[in-house]
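The values are calculated or read from the model by the stated rules, or taken from the named source; none is laboratory data. Note that the structure is a prediction, hence the values are computed from the model and not measured. Using ideal geometry, Cβ is built from the backbone for each residue, glycine included, and neighbour counts are taken over all protein chains shown. The accessibility values were calculated without ligands, DNA or RNA, using every heavy atom of the protein model including side chains. Shrake-Rupley method; radii C 1.70, N 1.55, O 1.52, S 1.80 Å.
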Amino acid sequence: MPSPAPPPVHPPPPAGPALPGTRLRPAAVFLALATVVALVAGWPLLARALPDKESVRDGALLTIGPEGAGRVILRVRGGGWELSRSASDPVSGYLLSRAGVRIRASRVDLLTTAAAGRLWPGLRDVLRASDAGARLGAPEETRTTRGRPGRTGSAEQGGRTGRAFAFASPGEDFAVTVVVLGGPGAERDALREGYALARSARFQGGAA
């Protein structure tokens with residue numbers, strides 16, 4: 001899902017006076033436990049009932065990464081994009097679609113600085129893991145809108161074609177990969193806006 005702004009955090013209200021000798025009756029305890037069990041058991045049914053698609057507005061910011069670690073921020077370009085709830089996770093990445101175009105944006109941890117130089121072949125392996133016929137062209141130099149250097153190249157997977165992008169953070173301890181693919185009849189404007197989303201990447205936190 002898009003990285004909505006976190007809800008405002010308010011300080012907890014001051015603790016009221018303690019109530020001496022307060023005890024939960026057995027019936028109350030049973031009711032509380034029954035409620036928890038019902039919620040847990042019913043959650044999968046509720047999740048299936050919720051719509052998978054969520055509209056994403058033009059200019060929305062998508063933040064990828066766990067708290068306390070480096071994060072990647074991407075800006076959505078153009079309107080009409082939809083985010084797949086089931087295939088998106090604010091910690092690891094997002095899947096968006098529009099007019100026959102799909103965008104997969106993923107955050108990648110780099111265990112060593114040397115791993116930054118292997119981002120492109122690593123991305124090729126990821127694409128081929130789900131489609132043995134996937135292809136990733138030779139990488140070319142590119143830059144984010146803020147000037148961060150990276151790599152881009154043609155990409156093909158599952159009958160869709162487009163471009164892939166890879167940018168390492170300044171500390172080279174994590175990176176972002178963005179794969180933008182269009183199926184037959186995909187709108188060119190959607191492809192261009194997908195590429196613009198990839199180049200909007202900026203990094204927050206991580207190694208200095």
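Just give me the residues in the range 69-125 being over 21 Å from ARG163 (Cβ atoms), among the aliphatic types (A, V, I, L, M) and part of a helix (DSSP H, G or I), in sequence order. Of everything in the range 69-125, those that are over 21 Å from ARG163 (Cβ atoms), among the aliphatic types (A, V, I, L, M) and part of a helix (DSSP H, G or I) turn out to be ALA114, ALA115.
Does SER97 satisfy the condition of being under 20 Å from the mean Cα position of the chain (by Cα), among the hydroxyl-bearing types (Ser, Thr, Tyr) and within 19 Å of ILE64 (Cβ to Cβ)?
Working: under 20 Å from the mean Cα position of the chain (by Cα): yes; among the hydroxyl-bearing types (Ser, Thr, Tyr): yes; within 19 Å of ILE64 (Cβ to Cβ): yes.
In short, yes.
Does ALA168 count as open to solvent by less than 20 Å² (accessible area, probe 1.4 Å) and not aromatic (Phe, Trp, Tyr)? Answer is yes for this residue. Of the residues in the range 122-131, none is polar (S, T, N, Q) and in contact with a helix residue (DSSP H, G or I) (Cβ under 9 Å, 6 or more places away or on another chain). Looking across the range 101-135 at every residue that is open to solvent by 40 Å² or more (accessible area, probe 1.4 Å) and among the small types (Gly, Ala, Ser), the one that is modelled with the lowest pLDDT is identified as ALA114.
Each residue in the range 171-183 was checked for being surrounded by fewer than 16 Cβ atoms within 10 Å (Cβ to Cβ) and either in a helix (DSSP H, G or I) or modelled with pLDDT of 95 or more (or both), and 1 pass. Every condition in (1) open to solvent by 10 Å² or more (accessible area, probe 1.4 Å); (2) under 24 Å from LEU62 (Cα atoms); (3) assigned to a strand (DSSP E or B) holds for ASP189 except the one numbered (3).
Can you pull out the residues in the range 54-69 that are modelled with pLDDT of 95 or more and on the phi < 0 side of the Ramachandran plot?
Scanning the range 54-69 gives GLU54, SER55, VAL56, ARG57, ASP58, ALA60, LEU61, LEU62, THR63, ILE64.
Does PRO66 satisfy being open to solvent by less than 60 Å² (accessible area, probe 1.4 Å) and part of a helix (DSSP H, G or I)? The answer is no for PRO66.
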